[in-house]
There are 2 protein chains.
Amino acid sequence: MESELKEMLIDLDTLKRSLPDSSLLASIDMMQSRVEHLTDLAKCAPARRSKVKDMSAEVVDSNPYSRLMALQRMGIVKNYERIREFSVAIVGIGGVGSVAAEMLTRCGIGRLLLYDYDKVELANMNRLFFRPEQVGMTKTDAAVQTLSDINPDVSYTLNITTLQGFETFTSSLKNKTFCPSKEGSGVDLVLSCVDNYEARMVVNQACNEMNQTWMESGVSEDAVSGHIQLLVPGETACFACAPPLVVASGVDERTLKREGVCAASLPTTMGYNALKDYFPTMEMKPNPQCSNTACLDRQKEYILAKPARDAAAAKAKKDEVLVPECPVHDDNEWNISVVDDSEPITADASSSDTLPEGLVRELPTADEFQKPCDPQEMIDSVDDLDELRKQLEALNAD
Amino acid sequence: MESELKEMLIDLDTLKRSLPDSSLLASIDMMQSRVEHLTDLAKCAPARRSKVKDMSAEVVDSNPYSRLMALQRMGIVKNYERIREFSVAIVGIGGVGSVAAEMLTRCGIGRLLLYDYDKVELANMNRLFFRPEQVGMTKTDAAVQTLSDINPDVSYTLNITTLQGFETFTSSLKNKTFCPSKEGSGVDLVLSCVDNYEARMVVNQACNEMNQTWMESGVSEDAVSGHIQLLVPGETACFACAPPLVVASGVDERTLKREGVCAASLPTTMGYNALKDYFPTMEMKPNPQCSNTACLDRQKEYILAKPARDAAAAKAKKDEVLVPECPVHDDNEWNISVVDDSEPITADASSSDTLPEGLVRELPTADEFQKPCDPQEMIDSVDDLDELRKQLEALNAD
């Protein structure tokens, strides 16, 4: 559109110069200014947010990171802004991968590497993320279009691939230009969000070879259950340690999908049995007879590194300086103190800071925010939760 | 833009008629056709998908409902298309409400009633759904802009409200123009997705008065846990039956939120403890001493209707026609049959339909899809899951 408007300006100029008399000049001038205005309108794309240099915790409506930086103030995250140093690779930008990508984008992740070979279709509209006007675009292009509008601070790398180019895939993961000082590969996490076992085995092979932590996900064909698995090479089972029967038997999974049949799917996050609202978890150790030789190599390394891990853990424990607790009253072995009962013990009930008995403020006061929270206290509350969990499980088991 | 292009066509026409000689006519004709083309381009907004009259199960890329209709073929839903008769009211279009609205929209819900008074800000970009270019729009306007692009088949009703107009709120829920034949109110479900107790108590009051089933949701201020509650007036506890202490004590919750402090939030779905990955569930009966008189009325009705419910349940059980199982061999009380061992029992291994031992096709064959699935079989599998759940809970309880 802009180029055509430019042509039009040239045409009007030519016309002006060829005019035999000057009586028509004014109307051509008016047309020229009209075209200039149209050019401005055409240029004016929907307002995009500008890049943010440093993440601020300031509580103003215009700060896209205020509610994420609040995680730091509340003691959930130690240094939120470090998220900008991290790279995540997402293999498969479908119902799972696209939402994972959007969540990481909104969190302000440093870099996303997106892998998919497919195009957006209207049939994908039953899952979150893609929009009908993106039909026909590659899923990676459509994703970057949406994501870079949401957060231009994130660095996006597109990869239109079927994973058949194994070398291309692994070399893209090894690329360290984003953060050259990083140990290991160029990414911190690989998320496998694919819909077939062949692709999962490719990701498994690459991550075993590169000693790369990854997560695997899947949704059942009836759309009401699914799974999520964390895989740390050598430490937990790899995808080949306890392969699904369809992989172990070597049958071509494509023969299991029939023409004219499609799996059901719903626009919800997955990883559990939705009909029973049940999400069991379990741990899987690696299989010493795993068919994947790279997995066996990582297992050996993990076992060899055990003494070093134990020593580091012991050192960390020793470094925890235990401050001995002082008695409240040094010269009073029963810790008895005298309270003057002529004065009320509780604070003045008329003070605006006073709450009814049993009610505590969830938010600390502004001054308290400055103090880092006590890690031991957090561990204690986790223990209480464990206790509560056991009690509730006992109740549910009836 | 279109109006300006129209003006331009008129200008060009005037110029043409005022030209002293015809040598310049050709260049003006060319400019006119250029403006006509620009008009076409300006009209061409991003391609929206057209409305769909009947939901089809046909497996083609252009069908936005194929993967939802597959739920019916797989026996998860009996009549998927009935979703078009249902209305859901969503109160609060923030981090929870907007995603609930998008999920229902993509599922093809009949009608959505959206309630919010707030505007979109950059500070909301840490949660899913809203985009930076929507900053300044009301949340309901921005939501309908996005949702009607995603699915124009859904009917949207906007309500910019603070819930202070209680009568306006209840009368909007009572409006039955969408489905006049419906019993009860004009909506099938109310989702409370608000961020304060005052609004929750308003929704509670309205739903108790109208005998309306609703769901309540909430996220903790540190963003790592939350809750979901289903409330059926008279049958389960209402929000006032076991009120949060802040409500019971009558303290003004706004005094608990301080200037310059904001709650943390993350772009994830909520309803559980994310740090412990734990999602306990419990049932709460209504409180016979509830302070809400409408709740007490619903409790009385529920108790009075018990004989009718019991009779209906007994009738439903009696109507289950139990077909007596026939023995496989009528004249053979031990059910013994003779198999000719010269022929293989299993199917021909060379057939493309044959799978390795232990492997079953998750998808039935095309013919089997026509048969409705056996409900008893589904109940049995649910029992097995209950058993598995107990076993896993016993393991987890260690």
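The values are calculated or read from the model by the stated rules, or taken from the named source; none is laboratory data. Note that the structure is predicted; figures quoted are calculated from it, not measured. We place every Cβ from the backbone using ideal geometry, glycine too, and count neighbours over all the protein chains shown. All accessible areas refer to the heavy atoms of the entire protein, side chains included, with ligands and DNA or RNA removed. Shrake-Rupley method; radii C 1.70, N 1.55, O 1.52, S 1.80 Å.
Which lysines, on any chain, are close to A:LYS139 with Cα under 21 Å apart, when same-chain ones fewer than 8 places away are left out?
Cross-link targets: A:LYS119.
Could you compute how much accessible area chains B and A hide from each other, both sides summed, with a 1.4 Å probe? Nearest 100 Å² is fine.
Values: alone 27870 and 27930 Å², together 45650 Å².
Chains B and A together bury roughly 10100 Å² of accessible area.
Find the relative contact order for segment B:1-99 and round it to a whole percent, using C-alpha pairs within less than 8 Å whose residues are 6+ positions apart.
Relative contact order, segment B:1-99: 17 percent.
Magnitude of the Cβ-charge dipole of segment A:39-104, K/R +1 and D/E -1, about the Cα centre, nearest 20 debye? All intermediate terms of the calculation are to be shown ahead of the outcome.
Values: 10 positive and 7 negative charges, 20 e Å.
In total the dipole reaches around 100 debye.
Put a label point 7 Å from Cα along the Cβ direction on B:HIS37, then list its distances to the equivalent points in the other copies in nm, shortest first.
Nearest first, the other copies' label points are 2.4 nm away.
Can you work out the FRET efficiency for the pair A:GLU58 and B:VAL60, with r the C-beta to C-beta distance and R0 = 56 Å, to the nearest 0.05? Mind showing how you got there, number by number?
Working: r = 50 Å, r/R0 = 0.90.
Computed FRET efficiency for A:GLU58 and B:VAL60 comes out at 0.65.
Report the label-to-label distance for B:THR281 and A:LEU245 in nanometres (one decimal), using points 7 Å from each Cα along the Cα→Cβ vector.
2.8 nm
Can you tell me the FRET efficiency between B:THR161 and B:MET137 if r is taken as the Cβ-Cβ distance and R0 is 22 Å, rounded to the nearest 0.05? Show your work: numbers first, answer last.
On the way: r = 16 Å, r/R0 = 0.74.
The pair B:THR161/B:MET137 has a calculated efficiency of 0.85.
Which pairs break 31 Å Cα to Cα here: B:LYS182/B:LYS300; A:LYS176/A:LYS317; A:LYS276/B:LYS285? Write down the numbers at each step before the final one.
Details: B:LYS182/B:LYS300 24 Å; A:LYS176/A:LYS317 34 Å; A:LYS276/B:LYS285 21 Å.
Violating the 31 Å Cα-Cα cut-off are A:LYS176/A:LYS317.
Please compute the average number of Cβ atoms from other chains found within 10 Å of each residue's Cβ in peptide A:130-138.
Working: counts 2, 6, 10, 7, 2, 5, 2, 0, 0.
Neighbouring Cβ atoms belonging to other protein chains average 4 per residue here.
Taking all protein chains as present, what is the carbon and sulfur share of the accessible area of segment B:1-85, in % to the nearest whole number, probe 1.4 Å?
Details: 2620 of 5010 Å².
The nonpolar share, carbon plus sulfur, comes to 52 percent.
Can you tell me the FRET efficiency between A:LYS306 and A:TYR117 if r is taken as the Cβ-Cβ distance and R0 is 41 Å, rounded to the nearest 0.05? Numbers along the way, then the final one.
Numbers: r = 41 Å, r/R0 = 1.00.
About 0.50, to the nearest 0.05.
Multiply the residue separation of B:ALA26 and B:ASN175 by 0.36 nm, subtract the distance between their alpha-carbon atoms, and state the gained length in nm to one decimal. Could the numbers behind the result be given before it?
Working: separation 149, 0.36 × 149 = 53.64 nm, distance 6.13 nm.
47.5 nm is the gain from fully extending B:ALA26 to B:ASN175.
List every residue whose amide H lies under 5 Å from the amide H of A:SER155, counting only residues 5 or more places away in sequence or on a different chain, with H placed 1.01 Å from N in the peptide plane.
Here the answer is A:ARG111, A:LEU112, since their amide H atoms fall under 5 Å of that of A:SER155.
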